[in-house]
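Notes follow once the structure below has been shown.
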Amino acid sequence: MKQAEKPESGGIDKVLLVIVFLLVITGLVILYSTSSYNGRIKFGDSFYYLKKQIFATTLGIAGMYAVAKTDYHIWAKLAVPGYILAIVLCIAVMLFGDEYNGSKRWLSLGPFSFQPSEYVKVALIVFLAWLVTRNAKKIGKLTTLFRIMLFALPVVGLVGASNLSTAVIILGIAVILIFTASPKYGQFIWMAVTGTGFMAVFLGLESYRLERIAIWQNPEKYEKGYQTLQGLYAIGSGGLFGKGLGSSIQKLGFVPEAQNDMIFSIICEELGLVGAVLVILLFFLLIWRFFVIASHAPDLFGALIAAGAMGHMMIQVILNIAVVTNTIPNTGITLPFISYGGTSVVFLLVEMGLVFSVASW
């Protein structure tokens with residue numbers, strides 16, 4: 001049974017390939033449906049967002065192909081430089097970053113801008129996979145666990161200064177990677193306590209984060225709760241089968257920037273509960289495939305890369321849907337492959353290339 005699930009050496013994991021391309025195509029279709037109104041109103045072009053996303057997706061697919069064809073063991077040699085670059089980029093954002101909608105998350109290079117936090121996620125997966133592999137024999141010791149976490153915390157802190165949601169994702173990836181390699185589960189109680197304390201400090205540092213908790217509890221009492229309420233209206237009005245693709249009312253300016261973080265609410269409105277479940281099922285299949293590849297990986301380093309990608313996807317999808325449904329406070333997390341964002345889709349596809357590389361060896 002295991003042999004049937006694992007591709008032949010040097011081959012491509014066809015199941016993963018189908019799932020990834022289904023997500024990419026689904027994302028582009030949903031993005032156009034969601035963004036066409038905003039594109040026409042703001043830029044005079046219904047295809048404005050779609051064209052930019054297709055360009056980024058093309059770059060991402062090229063990157064995915066190149067990485068998939070590269071022996072993933074090569075990245076172990078570049079793990080430390082990649083980690084250092086991640087820290088440098090995080091500092092650069094704090095010093096020279098561009099601010100949009102009150103958040104400083106972008107760096108500009110001439111006419112192009114990108115979010116370094118998307119690179120940081122991939123770089124940290126590779127770095128921590130390399131670091132855990134080097135300490136595999138001592139991973140059961142609490143001191144080793146904390147020493148590994150100490151390397152993740154500077155990145156979490158730097159990213160969390162302006163982007164708490166991404167910091168949570170990065171911290172979650174680190175915990176999952178260590179959990180995958182560790183034979184002792186009791187020590188994760190200490191990690192949970194440390195992580196909770198770490199996040200509590202970040203929540204208290206900025207008043208707007210505490211305000212988000214208040215808005216989450218009573219969105220109808222705050223002006224900033226408008227987006228959350230409109231998103232919930234969209235979800236509720238979709239019913240079982242939705243209003244039909246392209247027929248959303250809430251995307252016509254009622255849900256601000258609907259093509260970004262709140263795109264799942266438009267999926268629910270246009271495609272209903274059935275469509276939303278099908279999209280979630282695609283993500284579930286992707287996560288399942290990562291698990292299969294991690295289980296069949298030829299070594300610990302490869303298994304941890306696949307496990308890191310699995311953790312990243314799982315955490316980000318759950319958090320995005322939780323935000324849209326107001327299960328947790330609004331944190332500004334995109335839905336992978338679906339939400340608008342060139343940097344996000346490029347690095348997501350490069351990350352898929354890493355997993356393809358692991359699967360082919």
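The values are calculated or read from the model by the stated rules, or taken from the named source; none is laboratory data. These numbers come from a predicted model, not from an experiment. Cβ coordinates were reconstructed from backbone atoms using ideal geometry, including for glycine residues, and neighbour counts include every protein chain displayed. The accessibility values were calculated without ligands, DNA or RNA, using every heavy atom of the protein model including side chains. Shrake-Rupley method; radii C 1.70, N 1.55, O 1.52, S 1.80 Å.
Residues of the range 250-259 being open to solvent by 10 Å² or more (accessible area, probe 1.4 Å) and hydrophobic (A, V, I, L, M, F, W, C), which ones?
Across the range 250-259, the qualifying residues are LEU252, PHE254.
Could you list all residues from the range 160-173 that are part of a helix (DSSP H, G or I) and within 14 Å of the chain's Cα centre (by Cα)?
LEU164, SER165, THR166, ALA167, VAL168, ILE169, ILE170, LEU171, GLY172, ILE173
Would the range 64-72 turn up any residue that is within 19 Å of the chain's Cα centre (by Cα), open to solvent by 40 Å² or more (accessible area, probe 1.4 Å), modelled with pLDDT of 90 or more and within 22 Å of LEU349 (Cα to Cα)?
no
I need every pair where a residue in the range 145-166 that is free of Cβ contacts under 8 Å to residues at least 60 places away in the same chain has its Cβ under 7 Å from the Cβ of a residue that is open to solvent by less than 10 Å² (accessible area, probe 1.4 Å) and hydroxyl-bearing (Ser, Thr, Tyr), sequence separation at least 6 or different chains.
As it stands, the answer is LEU145/SER182, since those pairs meet every condition given.
Among (1) of a type in the set (A, V, I, L, M, F, W, C); (2) without any contact (Cβ under 8 Å) to a residue 12 or more places away in the chain; (3) crowded, with 20+ Cβ neighbours inside 10 Å, which single condition is MET262 missing?
(2) is the only condition that MET262 fails.
Residues to consider are THR166, THR143; find the one that is more than 26 Å from LYS77 (Cβ to Cβ) and at pLDDT 80 or above.
Result: THR166 is the single residue among THR166, THR143 that is more than 26 Å from LYS77 (Cβ to Cβ) and at pLDDT 80 or above.
Just to be sure, is MET310 modelled with pLDDT of 90 or more, open to solvent by 10 Å² or more (accessible area, probe 1.4 Å), part of a helix (DSSP H, G or I) and touching a helix residue (DSSP H, G or I) at 6+ places or on another chain (Cβ under 8 Å)?
For MET310, the condition - modelled with pLDDT of 90 or more, open to solvent by 10 Å² or more (accessible area, probe 1.4 Å), part of a helix (DSSP H, G or I) and touching a helix residue (DSSP H, G or I) at 6+ places or on another chain (Cβ under 8 Å) - is met.
Restrict the check to the range 137-159 and report whether at least one residue is open to solvent by less than 10 Å² (accessible area, probe 1.4 Å), under 20 Å from MET352 (Cα atoms), of a type outside the set (Lys, Arg) and not in a strand (DSSP E or B).
No: zero hits.
I need every pair where a residue in the range 101-124 that is over 19 Å from GLN53 (Cβ atoms) and modelled with pLDDT under 85 has its Cβ under 8 Å from the Cβ of a residue that is β-branched (Val, Ile, Thr) and open to solvent by less than 20 Å² (accessible area, probe 1.4 Å), sequence separation at least 6 or different chains.
Here the result reads LYS104/VAL93; LEU107/VAL93, each pair linking the range 101-124 to a residue that is β-branched (Val, Ile, Thr) and open to solvent by less than 20 Å² (accessible area, probe 1.4 Å).
Among the residues that make up the range 120-132, is at least one of them open to solvent by 40 Å² or more (accessible area, probe 1.4 Å) and assigned to a helix (DSSP H, G or I)?
So far as the range 120-132 goes, yes, one or more of its residues are open to solvent by 40 Å² or more (accessible area, probe 1.4 Å) and assigned to a helix (DSSP H, G or I).
Quick one: which residue in ASN330, ASN326 is in contact with a helix residue (DSSP H, G or I) (Cβ under 7 Å, 6 or more places away or on another chain), farther than 22 Å from LYS121 by Cα and open to solvent by 30 Å² or more (accessible area, probe 1.4 Å)?
That would be ASN326, the only listed residue that is in contact with a helix residue (DSSP H, G or I) (Cβ under 7 Å, 6 or more places away or on another chain), farther than 22 Å from LYS121 by Cα and open to solvent by 30 Å² or more (accessible area, probe 1.4 Å).
Does any residue of the range 290-306 turn out to be surrounded by fewer than 21 Cβ atoms within 10 Å (Cβ to Cβ), within 17 Å of the chain's Cα centre (by Cα) and assigned to a loop (DSSP other than H, G, I, E, B)?
No, the conditions are met nowhere in the range 290-306.
Regarding THR334, is this residue of a type in the set (Ser, Thr, Tyr), in contact with a Leu (Cβ under 9 Å, 6 or more places away or on another chain) and touching a residue at least 40 places away in the same chain (Cβ under 8 Å)?
No, not satisfied.
Taking only the range 238-282 into account, find how many residues are assigned to a helix (DSSP H, G or I), farther than 23 Å from SER344 by Cβ and modelled with pLDDT of 90 or more.
Within the range 238-282, residues that are assigned to a helix (DSSP H, G or I), farther than 23 Å from SER344 by Cβ and modelled with pLDDT of 90 or more number 4.
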